[in-house]
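Undergrad: Next up is a structure, given as structure tokens.
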Amino acid sequence: MTRPPTAAQRRVIDAADPVTGRLRGTEAQLAALVKRGLAFRHPRPPHDHFLTPEGHRVRQGVTQVPVPAAEAPATAGVFAARVGGEEGAPETGPARRREVHSAWQGLLELRRMTNPDGAVERPCGWERTHLVQAAALALEAAGHRPAGRDDGGYRVRETPQPEAVAVYEPDGEALRACAATLEGAGWQASEHREPRTGTRYLLASPRRAR
């Protein structure tokens, strides 16, 4: 189980700006939150600190601190976007939808605060270093069904290609709907077939500024 924030850290999180997630605290407190993936230091002066999507969730009342999304297992109490095909996947329902909505809103705020032009329609640096989780969050937040162990639904997987993920969905119409969702979330998506099996999939990459 992940260790919860200290009382001092919790006060810093609770006192964050409710809209921007801007933080106030000592350098040691802020550095500790950054280390735990709950805050980030803005790259431009004055280098203020802001809550990450995980930090926003903690502020909204999650009692267990999630690990960074790229490392997060799909276990009870720890948020991770559904990539499809996981063992022990979280239950679907209103609580899960609220968690996903909160994580997506936090990600949009992270885009606004870290993209140089404040654009929310284009993926940010965090997404480029957490490609699978970022693409999966966009799909799950839009209501697409992730695959179970043995049934249909989307599956997001790493690829050898830099800054690209593969999205599999056995239903052709659902695969095209996934492409539309990713494109609307600031990704470029194109459909391909695996040479040996003929399996259709999407190759998706975060769109860059023009």
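The values are calculated or read from the model by the stated rules, or taken from the named source; none is laboratory data. These numbers come from a predicted model, not from an experiment. Virtual Cβ from ideal backbone geometry, glycine too; neighbours counted across all protein chains shown. When the accessible area is computed, the model is the full protein with side chains, heavy atoms only, and any ligands, DNA or RNA have been set aside. Shrake-Rupley method; radii C 1.70, N 1.55, O 1.52, S 1.80 Å.
Undergrad: With r defined as the distance between the Cβ atoms of Q105 and T199 and R0 fixed at 35 Å, what FRET efficiency is calculated, to the nearest 0.05?
TA: Details: r = 34 Å, r/R0 = 0.96.
Efficiency at R0 = 35 Å is approximately 0.55.
Undergrad: Okay, next question. Taking 7 Å along the Cα-to-C-beta vector as the label spot, tell me the T20-R149 distance in nanometres, rounded to one decimal.
TA: So the two model labels end up 4.8 nm from each other.
Undergrad: Find how much the distance from A8 to V120 grows on full extension, using 0.36 nm per residue of separation minus their present alpha carbon separation; answer in nm with one decimal. Before the final figure, lay out each step's value.
TA: Details: separation 112, 0.36 × 112 = 40.32 nm, distance 3.13 nm.
Length gained, A8 through V120: 37.2 nm.
Undergrad: Which percent, nearest 5, of DSSP beta bridges in the chain are antiparallel?
TA: Working: 19 of 20 bridges.
Taking every DSSP beta bridge within the chain, about 95 percent pair in antiparallel fashion.
Undergrad: Express the carbon and sulfur contribution to the solvent-accessible surface of segment 126-184 as a percent, rounded to the nearest whole number, probe 1.4 angstrom.
TA: Values: 1330 of 2770 Å².
Looking at segment 126-184 in its full context, I get 48 percent from C and S.
Undergrad: Okay, moving on. Evaluated at 10 °C with a viscosity of 1.306 mPa s, what Stokes-Einstein diffusion coefficient in µm²/s does the chain have when Rh comes from the Kirkwood expression over alpha-carbon pairs? Before the final figure, lay out each step's value.
TA: Numbers: Rh = 17.8 Å.
D, rounded to a whole number, is 89 µm²/s.
Undergrad: Now, a different point. Name the most mobile residue of R145, R196, R155, meaning the one with the largest mean-square fluctuation, in a Gaussian network model of the chain with Cα contacts below 10 Å.
TA: Top of the fluctuation ranking is R196.
Undergrad: Can you show me the helix-derived [θ] at 222 nm for the chain, built from DSSP H runs with n ≥ 4 at -39,500 (n - 2.57) apiece and divided by the number of residues, rounded to the nearest 500.
TA: On the way: 7 runs with 74 residues, N = 210.
Theoretical 222 nm ellipticity from helices: -10500 deg cm²/dmol.
Undergrad: Applying a 10 Å radius around every beta-carbon, put 159-169, 109-119 in order of their mean neighbour count, most first. Present the calculation step by step, with values, prior to reporting the outcome.
TA: On the way: 159-169: 17.2, 109-119: 15.6.
Packing order, densest peptide first, comes out as 159-169, 109-119.
Undergrad: Give me the distance in nm between label points sitting 7 Å out from Cα along the Cα-to-Cβ direction at E163 and A180, one decimal.
TA: The answer from the label model is 2.7 nm.
Undergrad: Here's another thing I want to ask about it. How high is the FRET efficiency between R208 and Q60 when r is their beta carbon distance and R₀ equals 35 Å, given to the nearest 0.05?
TA: On the way: r = 31 Å, r/R0 = 0.89.
It comes to 0.65.
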